[in-house]
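Enquirer: Below is a structure I'd like to ask you about.
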Amino acid sequence: MAHADRPTSAAGVGTTSRRALLIGGSAALLAGCTSATAEAVGSTGTAASSAATPTGPPAATLSTPAGSTPPSAAAASTTASGSTAATGTAAATPVVMPGLAPVGRTAQFAYSAVDIPEARITAAVGALDALIADVMQRSGVPGLSAAVVHGGKVVYAKGFGVRELGRPGKVDADTVFQLASLSKSVGSTAVCWAITRKKATWADKVTAHLPDFRLSDPAVTSMLQISDCYAHRTGLSGGAGEDLEALGFDRAQILQRLRQLPLKPFRITYEYTNFGMTIGGEAVAAAAGMSWEDLQDAALYRPLGMSRTSSRHSDFLARSNRAALHFYYDGYRFRPTYLRDPDQQSPAGGVSSSANDMARWMLLHLADGRWDGRQHIDPAALQAARNPHIPNIPGTTPAERSEFYGYGFNVEATSTGHVRWGHSGAFYVGAATAFGMLPAADVGIVVLTNGSPIGVPEAIAVTFTDLVRTGVAERDWFDHYKAIFVNTFVNRSPVAGDPPADARRPRAASAYVGTYTNSYVGDVVVSARGRTLTVTLGPKRLSAPLTPWDGDNFSWLPPGGFADPRSAVTFGGFAGGRATTMTIESLQIPELRRTS
């Protein structure tokens with residue numbers, strides 16, 4: 001798990017999936033009606049409900065097979081004497097059973113089965129202090145900041161804990177955190193701004209704005225749209241290009257090398273890919289005639305007054321009130337160890353911001369693009385981003401709801417039928433963030449933390465939106481998410497454990513020393529000092545030693561400061577006593593051949 005910039009949906013996985021917690025109601029019943037029937041239901045619903053308060057389950061509109069007689073029509077055509085009259089046009093009249101939900105003429109899919117009273121929202125906000133204190137105590141995360149918006153204003157904004165362990169600085173609502181993959185939702189919003197100003201569209205071909213861009217399949221290259229990049233359906237595998245990022249390749253160098261990677265089936269495969277989204281961001285920036293970083297400044301940070309937000313790592317480092325990253329060690333403790341510069345993938349993971357600034361961004365979305373009394377972003381562009389476009393957690397049984405990805409947003413229908421937008425962000429080396437918005441309740445929450453991803457922000461955000469929707473948490477979300485996230489700390493490399501008891505000694509160092517290369521990573525130099533071998537590679541010529549594991553198999557900790565776990569380096573193809581090939585497990589294209 002090199003770069004844990006991975007999304008986590010609100011449902012997650014578990015013994016009883018949240019997607020399977022279905023609540024029956026009129027929304028589900030009406031979903032199967034035709035539009036004509038739905039209009040008939042809507043036109044009579046209020047009158048029916050005014051006659052009596054429904055006491056049973058919501059009623060269905062009975063559909064009638066062609067040529068048959070509805071039960072009520074047959075009953076209506078029976079005279080007092082018991083004779084049966086001709087049914088005439090009455091046979092075409094739909095029957096509405098008692099107990100119809102009072103939805104009136106509300107659009108067929110625009111309401112939910114469960115109401116959200118204002119008092120429940122107030123109670124959920126009131127529960128946040130205790131909820132945050134509990135999750136922080138159980139997790140040990142050093143610092144956290146959270147904000148809630150509702151009714152067009154910020155109703156909660158607080159900081160907890162410290163910015164860096166061992167130092168006195170406290171977290172407040174203006175403390176700046178690295179957002180990691182929350183940047184995807186922020187970046188998608190900037191794309192919507194560019195679309196509003198006719199600089200691009202979601203359907204634009206990437207090559208229309210980046211004519212030199214290529215993927216390994218020419219057909220995919222010719223069809224690839226900005227929307228595909230933002231929906232993670234480019235065909236690139238998860239992690240594509242991140243190995244090069246760790247070694248110091250810049251954004252342009254990484255995007256140019258993506259053409260060497262194999263593709264999965266285009267548009268029907270969901271693969272969460274940071275540099276896949278970065279392709280789309282770069283295309284939009286080129287269309288707008290500015291850098292990606294300047295585009296986000298112009299689209300969001302300046303007009304919304306997000307004065308503590310930036311898409312440049314240097315700006316983050318210059319903040320005095322910023323949260324340090326804390327890596328999770330040994331399954332129970334955090335420690336400030338690493339820095340994480342995400343500039344190469346800024347459209348996907350490079351934003352830093354505060355809870356107060358992110359509250360402004362949520363207010364923009366809940367107002368459907370309006371800001372300061374005017375329409376800042378076209379609602380149609382925003383809605384396209386927040387609509388579902390590809391399943392990212394498909395249902396596994398007929399009773400389960402699937403979850404979806406939009407353009408930079410996770411989109412789900414909750415157990416109560418309310419739409420929820422959200423996203424998580426995570427840097428393996430020490431940042432975890434999440435937001436969740438319920439547009440039906442005009443509520444949003446953002447949670448920022450300075451510790452490796454173990455489910456803290458997700459637990460708080462999802463518990464809060466549970467409380468808003470139902471008044472109770474559907475489960476212990478911290479236990480649920482922690483069990484998922486701790487798997488990212490499990491090293492599955494063949495050299496993760498101890499060497500075999502009968503491990504062979506390596507050959508003499510001279511058998512391995514030399515230069516190996518491929519077109520993906522370039523020259524890799526193996527040198528020796530005594531019997532210690534060192535590998536040097538990448539534009540910054542980063543180095544790390546090899547540790548003998550078994551014969552021609554070695555282990556190493558890849559350089560780059562991303563806390564990449566121990567992985568394998570293997571030599572082979574010996575001719576004349578010297579290795580002719582080298583395989584580096586941590587690379588997307590791992591095979592290299594000796595050149596000298």
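The values are calculated or read from the model by the stated rules, or taken from the named source; none is laboratory data. Quick caveat: nothing in here was measured; it's all calculated off a predicted structure. Using ideal geometry, Cβ is built from the backbone for each residue, glycine included, and neighbour counts are taken over all protein chains shown. Accessible surface is based on the protein model in full, side chains and every heavy atom, while ligands, DNA and RNA are left aside. Shrake-Rupley method; radii C 1.70, N 1.55, O 1.52, S 1.80 Å.
Enquirer: With just the Cα atoms defining each centre, how far is segment 487-508 from segment 332-380? Give it in Å.
Expert: Between the Cα centre of segment 487-508 and that of segment 332-380, the gap is 41 Å.
Enquirer: Would you kindly work out the equivalent ellipsoid of segment 447-528 from its C-alpha gyration tensor and give its semi-axes, the square roots of five times the eigenvalues, largest first in whole Å?
Expert: 48, 18, 9
Enquirer: How large is Rg/Rh for segment 105-228, to two decimals, with Cα atoms and a Kirkwood Rh?
Expert: 1.13
Enquirer: Under a Cβ-only charge scheme (Lys and Arg +1, Asp and Glu -1), can you give me the dipole magnitude of segment 213-371 about the Cα centre, in debye to the nearest 20?
Expert: Around 260 debye, computed over segment 213-371.
Enquirer: Cα-Cα pairs above 17 Å in segment 165-242: how many percent?
Expert: The answer is 61 percent, as a whole percent.
Enquirer: Follow-up. V486 versus R593, label points 7 Å from Cα toward the beta carbon: distance in nm?
Expert: Inter-label distance under the simple model: 4.7 nm.
Enquirer: What is the diffusion coefficient of segment 250-371 in µm²/s, taking the Kirkwood radius over Cα pairs and the Stokes-Einstein relation at 10 °C with a viscosity of 1.306 mPa s?
Expert: The diffusion coefficient I find is 95 µm²/s.
Enquirer: If you don't mind, another one. Could you please tell me the mean projected area of the C-alpha convex hull for segment 526-596, averaged over all directions and given in square nanometres to one decimal?
Expert: The Cα convex hull of segment 526-596, projected and averaged over all directions, gives 5.2 nm².
Enquirer: I've got another one for you. Using packing as a proxy for protection, rank 190-203, 442-455, 530-543, 418-431 so that the peptide with the highest average count of other Cβ atoms within 10 Å comes first.
Expert: 442-455, 418-431, 190-203, 530-543
Enquirer: Using just the C-alpha positions of segment 313-358 as equal point scatterers, what log10 of I(q)/I(0) does the Debye formula give at each q in 0.15, 0.23, 0.29, 0.32 1/Å?
Expert: -0.50, -0.96, -1.11, -1.16
Enquirer: A further question on this structure: Tally Lys/Arg at +1 and Asp/Glu at -1 over every other residue whose Cβ is under 12 Å from the Cβ of L300; what's the total?
Expert: -2
Enquirer: Semi-axes of segment 414-558's equivalent ellipsoid from the Cα gyration tensor, sqrt of 5 times each eigenvalue, largest first, rounded to whole Å?
Expert: Equivalent ellipsoid semi-axes, largest first: 49, 18, 11 Å.
Enquirer: Take the solvent-accessible surface of the protein heavy atoms, probe 1.4 Å, and return the percent of it on segment 118-245 that carbon and sulfur atoms account for.
Expert: Carbon plus sulfur share of accessible area: 54 percent.
Enquirer: If you don't mind, another one. What is the sum of charges around H326, taking Lys and Arg as +1, Asp and Glu as -1, for the other residues whose C-beta is under 14 Å from the C-beta of H326?
Expert: +4
Enquirer: Take the cross-link list K184/K264; K158/K184; K153/K482; K158/K482; K198/K264 and give me the ones stretching past 30 Å between alpha-carbons.
Expert: Over 30 Å Cα-Cα: K153/K482; K198/K264.
Enquirer: Just for the Cα atoms in segment 355-487, what are the lengths along the principal axes, largest first, rounded to whole Å?
Expert: 45, 39, 29
Enquirer: Calculate the spin-label point distance for R333 paired with V472, positioning each point 7 Å from the Cα along the beta-carbon direction, and give it in nanometres.
Expert: 4.0
Enquirer: Sticking with this one: Counting Lys +1, Arg +1, Asp -1, Glu -1, what net charge surrounds A509 among other residues with beta carbon under 13 Å of its beta carbon?
Expert: Its environment carries a net charge of +4.
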